[in-house]
Every structure is written in C-alpha cells, then in structure tokens.
Amino acid sequence: MTREEAIREVAGVVPQDTVIVASNGHISRVLYSIKDRPQNFYMIGSMGLAPSIALGVCLAQPKRRAAVFDGDGNVLMGMGSLAQIAVRRPSRFAHFCFDNSRHASTGGQRTISDRVDLSAVARAAGYAWAKRTEKLEEVSSLAKEAFSQEGPAFLLIKVAPGGLPKGTARVDLTPEQMTDRLREALAR
Amino acid sequence: MSETSGPKPGKSIPGKDFFAKLRAKGFDFFTGVPCSLLAALYPPLEGQSEVPYVEAVREDEAVAQAAGAYMAGKKPVVLMQNSGLGNSLNAIISLNQIYQMPFLLLITWRGFEGRDAPEHLVMGKAMPEILKSIEMPFQVLDPDSVDKQLDAVARDIAARRPAAIIVKEGILS
C-alpha cells in the first residue's frame, strides 16, 4: 500500500474533535491535502517531536483525544518519548507510524526501521496496545481499534517507499496561524 | 540584563519561594531535565500535585511538551541544565519560536567564568551568545529583583516569545 492510501484510511476514521499532530515532511503535506481541519497541527521542523507535542496537549487537557501521524525516521529519533507516553498513559492517544523505512522528504534515503519492529518497541515501552499491519484492507478497522483503547495505542502501518504524488499541496498556513487555530479549537 | 550583571554574591532565594512566585505568575505546567543548580526547586515541585510536572527524558522532548501544553491553554516552564540547550536548540527555534509558543526556560549556568568541570566549559562560555544569536531574551536570576524579572518574562510571554531565566550556582537555596 502507498503512504497516501494508508493516511487516507486512518484520516477517514479519526473521531471528531481529535487533535492530530502530523510530523514534519511528507506526512503533514499528505494529511493537509486529504483533509485539513482546525484540529490538525502540521510540523514543519523539530523532527521526532510530534508525540511529545500531542502528549503536552493531553497532559494539559486529560480528556482530549489526540492522534499522532508519525513516520519511522521520526519515531526512531524520538524513541525516548515512547517510554514517556507509556508512563504518562494518556487515555485517548493513538499513535500511527507510517513506516516506509525511508527518509522520504530528503530524497528517500534508508532508515533502519526495516530491521527494527517499532510496534514491538512501543509495546515493550508500555503502550496499552500496539499492532502492525501491511494490509490496506485492515487499516481502517485497526485504526478504529486504536481509537477505542483506554490507554496509549500504537499502530505501525508498513507502506511502500515513494515520493509525493504530483499536485500534493504545500501547507498553506503560517506556523502562527496553525498555533492560533488549534489554540482556539482547544479552548472550546 | 547582560551576562555580566547579576546577583550580589551570597544572596539566594529559597526554592519554595521561587516556585510560589512562578505559580503566582500563572505558570501551571512544568517539565524538564534536572540540574544540581536547580535542586532546591525540586522538593516544592515534586511535593505538589496541583499542576503537572513531567520528568522529561530529553530537553527537546520537554520543549515540545511545552508547545502542546501552551496550545491547550497552559503557561509552561521548562527546566534544564545549559548542556540541554544543545539538545533542544532545534526544537526551540523550529517549533516554539516560529510557531510563537512561549514558555519560560529556566536554565542553569554550569561553566560560568570557566570554573567548572571540563564538559561544562564550552557551553558555559557560549550560552549567552547562543541565546543572543537566536534572539531569545534572557535575564540572570537575581534574588533582589525576582518580581521585576518575572514581570519582564510575563511581557515576553504575552508577546508570544519564549524567554529565559539563567540560574547560577547557589542562587536557589
């Protein structure tokens, strides 16, 4: 399956009002192209920190539901945050890793995720639920399952390497606009 | 305001008083990685459950948590040793600064005037220049003017700029 297909499937079952923190690089641009909403936060830098931003939201507002759209390069870079999330145990926290074993936005260089099972790492760190899939037809039901967990959930979705489809938009919001609109959404 | 000004020798502020002042200023989310120069702040911080305190695993993780907490309505404080400035610089500049997510950085000054263990000397010398070069406002904590200094921080935060208070050895007691 392509990364775009996988992101579309997950985006399609995200519960309303869920904050989505999308990691820097292609994942943000794909999500923005598929489905923009005020509760989406697109990172343009600070690689590896998407789950920590989402955790900050959940620690400040424990009833808030959050999703992280992450990549394998990001998860590998911020592995300590998996332990932190497991320990803090946000109750409505679904962490998706779209794993193509590539640093796609810098030209498709290899990562090491083909030799490390990041879902096993999340489980060992103490996530309440952690699964992996390579099948497109499973993605939406597993994503729903991730969203229904009582503790942090991690779903690794193996996707094919590849660049951005032609015509994928750039995020057409300034960083402070993104902050403002999410802050506003979180004030409600 | 410059790195050469600062507290009179021998003066200090109890950690619990400083924590109370931070709370009175509305700071309500604490995260970070400890430094021995901040040790006096930890008993009051760890001994309360009114506001979150997160034992961060890395300084950049703490800075990112502060970003999320700010968007969720909190006024965050990030604590770290100045060695952690190296770990978190990219997050500070490519997340908190450009997205205008303010927080108070409470950062220690290991390596001040070259009197410290070798691993602290380069950062001890460079820290003020690094903060200046990223245009992050900073003050050296002075027990005689804490209120004024926190007022200045509050102005930076209202203007959505992350701001730093540097803590030298012996200032928190």
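Listing for the model above:
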item	result
Options B:Val57, B:Val122; residue that is out of contact with any helix residue (DSSP H, G or I) (no Cβ under 8 Å at 6 or more places or on another chain) and either of a type in the set (D, E, K, R) or free of Cβ contacts under 8 Å to residues at least 40 places away in the same chain (or both)	B:Val122
All positions within region B:74-107 that are assigned to a helix (DSSP H, G or I), among the β-branched types (Val, Ile, Thr) and surrounded by 24 or more Cβ atoms within 10 Å (Cβ to Cβ)	B:Ile92
Filter result for the condition that a residue is at pLDDT below 95 and closer than 18 Å to A:Val57 by Cα, over A:Arg188, A:Arg183, A:Arg170	A:Arg188
Breaking point among (1) free of Cβ contacts under 8 Å to residues at least 40 places away in the same chain; (2) over 17 Å from the mean Cα position of the chain (by Cα); (3) in a helix (DSSP H, G or I), for A:Ala185	(1)
Residue within region A:80-94 that is surrounded by 16 or more Cβ atoms within 10 Å (Cβ to Cβ), more than 14 Å from chain B (Cβ to nearest Cβ) and at negative phi present	yes
Selection status of A:Glu150, in a helix (DSSP H, G or I) and acidic (Asp, Glu)	no
Candidate set: region B:58-73, residues that are within 21 Å of A:Arg64 (Cα to Cα) and more than 7 Å from every other protein chain (Cβ to nearest Cβ); chosen: the one surrounded by the most Cβ atoms within 10 Å (Cβ to Cβ)	B:Val63
Test for A:Gly56: is it in contact with a helix residue (DSSP H, G or I) (Cβ under 6 Å, 6 or more places away or on another chain), without any contact (Cβ under 8 Å) to a residue 24 or more places away in the chain, part of a loop (DSSP other than H, G, I, E, B) and at the interface with chain B (Cβ under 10 Å from one of its Cβ atoms)	no
Region B:34-55: number of residues that are within 7 Å of chain A (Cβ to nearest Cβ) and either among the aliphatic types (A, V, I, L, M) or touching an Asp or Glu at 6+ places or on another chain (Cβ under 7 Å) (or both)	1
Count of residues meeting criterion [over 24 Å from B:Tyr99 (Cβ atoms) and within 14 Å of another protein chain (Cβ to nearest Cβ)] in region B:132-173	0
Total residues in region A:74-102, condition without any contact (Cβ under 8 Å) to a residue 40 or more places away in the chain and farther than 22 Å from A:Gly151 by Cβ	1
Filter result (part of a loop (DSSP other than H, G, I, E, B), within 13 Å of chain B (Cβ to nearest Cβ) and within 18 Å of A:Gln177 (Cα to Cα)) within region A:18-51	A:Ser23, A:Asn24, A:Pro38, A:Gln39, A:Met43, A:Ile44, A:Gly45, A:Ser46
Conditions (1) in contact with a Gly (Cβ under 9 Å, 6 or more places away or on another chain); (2) surrounded by fewer than 21 Cβ atoms within 10 Å (Cβ to Cβ): number failed by A:Ala60	(2)
Residue in region B:108-121 that is nearest to B:Pro137 (Cα to Cα), counting only those that are charged (D, E, K, R) and not in a helix (DSSP H, G or I)	B:Arg110
Region B:82-104: number of residues that are in contact with a strand residue (DSSP E or B) (Cβ under 6 Å, 6 or more places away or on another chain) and closer than 14 Å to B:Thr31 by Cβ	2
Residue in region A:151-158 that is surrounded by fewer than 19 Cβ atoms within 10 Å (Cβ to Cβ) and out of contact with any Cys (no Cβ under 6 Å at 6 or more places or on another chain) present	yes
Count of region A:128-182 residues which are among the aromatic types (Phe, Trp, Tyr) and either touching an Asp or Glu at 6+ places or on another chain (Cβ under 6 Å) or closer than 21 Å to A:Asn40 by Cα (or both)	2
Test set (1) part of a loop (DSSP other than H, G, I, E, B); (2) under 17 Å from A:Leu31 (Cα atoms); (3) within 14 Å of chain B (Cβ to nearest Cβ) - A:Leu164 fails condition number	(3)
Residue match in region B:13-25 (condition: β-branched (Val, Ile, Thr), away from every other protein chain (no Cβ under 11 Å), touching a Pro at 6+ places or on another chain (Cβ under 8 Å) and in contact (Cβ under 8 Å) with a residue 24 or more places away in the chain)	yes
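The values are calculated or read from the model by the stated rules, or taken from the named source; none is laboratory data. Quantities reported herein were computed from a predicted structural model and do not represent experimental measurements. Every residue, glycine as well, gets a Cβ built from its backbone with ideal geometry; the counts of neighbours run over all protein chains shown.
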